[in-house]
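Participant: So that we are looking at the same thing, I have put the structure below in C-alpha cells.
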Amino acid sequence: MTEWASQSAVLLTKAIQEKKISCAELLEYFIERYERLNPGINAVVATNLEGARKRAVEADSALYRGQIWGPLHGLPMTLKDNLQIKDMSATYGSPMLAKFMPTENRDVVQSVLDAGAIVYGKTNLPLWGLDTQSFNDVYGQTNNPWDTSTTPGGSSGGAGSALAAGLNGLEIGNDIGGSIRIPANFCG
C-alpha cells in the first residue's frame, strides 16, 4: 500500500490523474488520518466533510469524463483559519469572530478551488495570526506532531502541524514575519 501522507502534492495529483487512487478515496484517506491523529495535535480546527465529499465525487466524475479542473484536481487540502472560504468558519482565533461564516471566498482560496482542490478543513493559528505559537481562546492549543509537549510554532502552526502529520495533501498559510518559516522549521 502506498503511504499517501508522505507524498508531495505533485505526486498525489499525478496519482489521481493516472487513476491510481480516486479523489474520494484520497479524501477518505486524509479524513481517517484527521480523525485518528488530530485529537492529539489539534491542527485542523474546523471542517466541511460533507461538502468535501460531494466535491470529491464531482471531481471523480469529471476525471472519468476526461475533464481535469486544473493542476490540483481532486487534491484534499486545508487552509489557515484566517483565509475565508464560503460556508466554513473563519475566526482568526478571536472569540469575537467565533460565529463568523464568510459568504464568499478570498482570492487565494478561489484560486485553489479553480485549480481543482478539495478543501476539507481549516487549521489553527494564534489570535489574529500575530504570534510565534498557535494558541487561541476559540480552538485552544495546537501541538507539534513530533512532540506534543512542544509548539509547532506560528502563526501557521496548525498548517505546519497538519502537513507534518500527513492530514492533508497541501496547505495554504501566510507569512509576514516567519509565520510559515517557523512552523516549517519546528515541524520539519
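Participant: Gly40 - would you say it is open to solvent by 10 Å² or more (accessible area, probe 1.4 Å), touching a residue at least 12 places away in the same chain (Cβ under 8 Å), in a helix (DSSP H, G or I) and not acidic (Asp, Glu)?
Facilitator: The answer is yes for Gly40.
Participant: Inspect all residues belonging to segment 56-74 and state whether any of them is under 21 Å from Glu35 (Cα atoms) and crowded, with 18+ Cβ neighbours inside 10 Å.
Facilitator: The answer is yes; a qualifying residue exists.
Participant: Okay, moving on. Within segment 87-111, track down each residue that is open to solvent by less than 10 Å² (accessible area, probe 1.4 Å) and assigned to a helix (DSSP H, G or I).
Facilitator: Val109
Participant: Give the residue, chosen from Ser155, Ser149, Ser61, that is touching a helix residue (DSSP H, G or I) at 6+ places or on another chain (Cβ under 7 Å) and not in a strand (DSSP E or B).
Facilitator: Ser155
Participant: Which one is nearest to Ser8 (Cα to Cα) among residues in segment 43-55 that are open to solvent by less than 50 Å² (accessible area, probe 1.4 Å) and of a type in the set (Val, Ile, Thr)?
Facilitator: By that ranking, first place goes to Val44.
Participant: Out of the residues in segment 160-188 that are hydrophobic (A, V, I, L, M, F, W, C) and closer than 15 Å to Arg33 by Cα, which is surrounded by the most Cβ atoms within 10 Å (Cβ to Cβ)?
Facilitator: Ala162
Participant: While we're looking at this one, here's another question. Going through segment 20-37 one residue at a time, which ones are open to solvent by less than 40 Å² (accessible area, probe 1.4 Å), assigned to a helix (DSSP H, G or I) and of a type in the set (A, V, I, L, M, F, W, C)?
Facilitator: Cys23, Ala24, Leu26, Leu27, Phe30, Ile31
Participant: A further question follows. Filtering segment 117-154 down to residues that are of a type in the set (Gly, Ala, Ser) and free of Cβ contacts under 8 Å to residues at least 60 places away in the same chain, which residue is nearest to Ala43 (Cα to Cα)?
Facilitator: Ranking the qualifying residues of segment 117-154, first place goes to Ser134.
Participant: Select from segment 130-155 the residues that are under 16 Å from the mean Cα position of the chain (by Cα) and open to solvent by less than 30 Å² (accessible area, probe 1.4 Å) and list them in ascending order.
Facilitator: Listed by number, the residues that qualify are Ser134, Thr142, Asn144, Pro152, Gly154, Ser155.
Participant: I've got another one for you. Name the one entry in Gln84, Gln17 that is polar (S, T, N, Q) and either without any contact (Cβ under 8 Å) to a residue 24 or more places away in the chain or exposed (fewer than 14 other Cβ atoms within 10 Å of the Cβ) (or both).
Facilitator: Unique residue meeting the criteria: Gln17.
The values are calculated or read from the model by the stated rules, or taken from the named source; none is laboratory data. Predicted model, so just to flag it, every value in this text is computed and none were measured. Every residue, glycine as well, gets a Cβ built from its backbone with ideal geometry; the counts of neighbours run over all protein chains shown. With ligands, DNA and RNA removed, areas are computed over all heavy atoms of the protein, side chains included. Shrake-Rupley method; radii C 1.70, N 1.55, O 1.52, S 1.80 Å.
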